[in-house]
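Worksheet: the structure to be examined is printed underneath.
The values are calculated or read from the model by the stated rules, or taken from the named source; none is laboratory data. Remember, it's a predicted structure, so these values are computed and weren't measured experimentally. Here the Cβ positions follow ideal geometry from the backbone for every residue, glycine too, while neighbour counts run over all protein chains shown.
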Amino acid sequence: MIQDIHKKVLKRLAYGWLSLSILIGGVVFYIEMEKVDSLVLRLAKKESETFTADNLRYFNWPDAGTSPLREKAEEFLKSHFIIIELYDRDKKIILEAMDSGKETIEKELTQHAHRFPLGDTTYYRKFYINQQLFLQVLLPLKETSGKLDGYFEGVYQVDEDTLQGIKRDVVGSLLLVIVVTLVTSIVLYPIIISLNKGLIKLSSDLLEGNIQLMEVLGSAIAKRDSDTNVHNYRVTLYTIRLAETLHLESAQIRSLIAGAFLHDVGKIGISDTILLKQGPLSDEEFKLMRNHVLLGMDIIQKSNWLRQAGDVVEFHHEKFDGSGYLRGLKGEQIPLLARIFAVVDVFDALSSRRPYKEAFDLAEVMRIMRSSLLRIHAPATFALPCAAEERDAFRPTPVEYL
């Protein structure tokens, strides 16, 4: 059990580490990319200002495109800017200059229309071409008095050293997130295990208390019915072994164990004159005996933990041919757990001494069970000869169930 908990904790911590790494890493990546945008924009604006500050007076000349502005623009292209477009205050283009060999960039830009910025805002767009980072920036140009003189548009190419520095910063931040979340998960592991030890002990104590409760209830009725509670332990052990052979899940086996202990718990409400009668039961007495199923369901419904025994308590007297009680279910309408327990219950009834019969030896028990199986011609299905309290009907008529 402890080993299983260690595996579960490790698995969940690994899942938590991976999930947090992706989540926090995504947030950090977004923040870092915002920083990249800010950095590149700041570099582009700073460099563009060296050009516009000296040449703003040319923007609204009648022949601005043939003024010294063109010569200065072509000289400016030797910096990080590879494309420049200048607009007058009416947003009319007055000059366009491009570094040689950058036609691919120009073609990429023409596919995406841009908007002119309003007020003092700056429009920019980042894009990658051939693993190189470019920033298209468009900013308004104003005189010191605040009067708008025009617009500067340029494509800024981030140099290789700056780009590699950006990549190192982003990768470093993401690695830091992964390492920090991993270290946190490792630190949490012993803490969670330590907390689980207390929880395991509490759960074990609770489980032991619940099992003791089942034992008390089972033993109480066993002492009234047959003066021994060994029957409950026998059928429980038989049930576990049969369930394991059928490869049932752990949760189903736990429900079977509860059902085996509590299958006849309702008999605690049956009169001793009926429960301990040595001879055959009359029809009226047998009708009253059947009420133990309803009484048992009423008892276990008062506990969420005991309720898992419900299938066995309610349906272990159903018969495969539909002649059982209380609902008269047939075949696979009967819950699987009830069918499994019924085989075990009848096996124990045949192989044990009861007030109304002696115990059969194992060979005879198996002969009766096999003959019942053959009579109903149902593969993988038993039709067994009797239920324990049907002492007046102990004869080879099909009864129950897997």
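Annotations for the structure displayed:
- Selected residue (only one of Leu281, Leu276, Leu337 is touching a residue at least 40 places away in the same chain (Cβ under 8 Å) and crowded, with 21+ Cβ neighbours inside 10 Å): Leu337
- Count - residues of segment 152-185 that are polar (S, T, N, Q) and either under 30 Å from Leu139 (Cα atoms) or in contact with a Pro (Cβ under 9 Å, 6 or more places away or on another chain) (or both): 3
Okay, residues lined up against (1) in contact with a Cys (Cβ under 6 Å, 6 or more places away or on another chain); (2) within 20 Å of Glu249 (Cβ to Cβ); (3) surrounded by fewer than 24 Cβ atoms within 10 Å (Cβ to Cβ); (4) not β-branched (Val, Ile, Thr):
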{"residue": "Leu295", "(1), (2), (3), (4)": "no, no, yes, yes"}
{"residue": "Asn304", "(1), (2), (3), (4)": "no, yes, yes, yes"}
{"residue": "Gln308", "(1), (2), (3), (4)": "no, yes, yes, yes"}
{"residue": "Tyr325", "(1), (2), (3), (4)": "no, no, yes, yes"}
{"residue": "Ala349", "(1), (2), (3), (4)": "no, no, no, yes"}
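- Of everything in segment 250-264 that is crowded, with 24+ Cβ neighbours inside 10 Å and either within 17 Å of Asn304 (Cβ to Cβ) or basic (Lys, Arg) (or both), the residue that is nearest to the chain's Cα centre (by Cα) is Ala258.
- Taken across segment 161-184, residues that are at pLDDT below 75 and in the same structural domain as Glu32 (by TED's automatic domain parsing) do not occur at all.
- Residue ID - farthest from Tyr87 (Cα to Cα), chosen from residues in segment 131-166 that are free of Cβ contacts under 8 Å to residues at least 12 places away in the same chain and loosely packed, with under 13 Cβ neighbours inside 10 Å: Gln164
- Residues that are part of a strand (DSSP E or B) and among the hydroxyl-bearing types (Ser, Thr, Tyr), drawn from segment 123-159: Tyr123, Tyr124, Tyr128, Tyr151, Tyr156
For every residue, the table says whether it meets (1) hydroxyl-bearing (Ser, Thr, Tyr); (2) within 30 Å of Arg370 (Cα to Cα).
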position	(1), (2)
Ala258	no, yes
Phe261	no, yes
Gly269	no, no
Gln278	no, yes
Ser303	yes, no
Gln308	no, no
Asp321	no, yes
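- Residue under evaluation Phe51, criteria (1) modelled with pLDDT under 75; (2) of a type outside the set (Ser, Thr, Tyr); (3) more than 22 Å from Arg125 (Cβ to Cβ), criterion not met: (3)
- Residue that is farthest from Trp305 (Cα to Cα) [pool: residues in segment 231-247 that are free of Cβ contacts under 8 Å to residues at least 40 places away in the same chain and aliphatic (A, V, I, L, M)]: Leu237
- Of the residues making up segment 242-263, not a single one is in contact with a helix residue (DSSP H, G or I) (Cβ under 9 Å, 6 or more places away or on another chain), assigned to a loop (DSSP other than H, G, I, E, B) and among the polar types (S, T, N, Q).
- Helices (runs of 4 or more DSSP H) (entirely within segment 292-402) containing at least 1 residues that are over 19 Å from Leu237 (Cα atoms) and modelled with pLDDT of 65 or more: 310-315, 362-376
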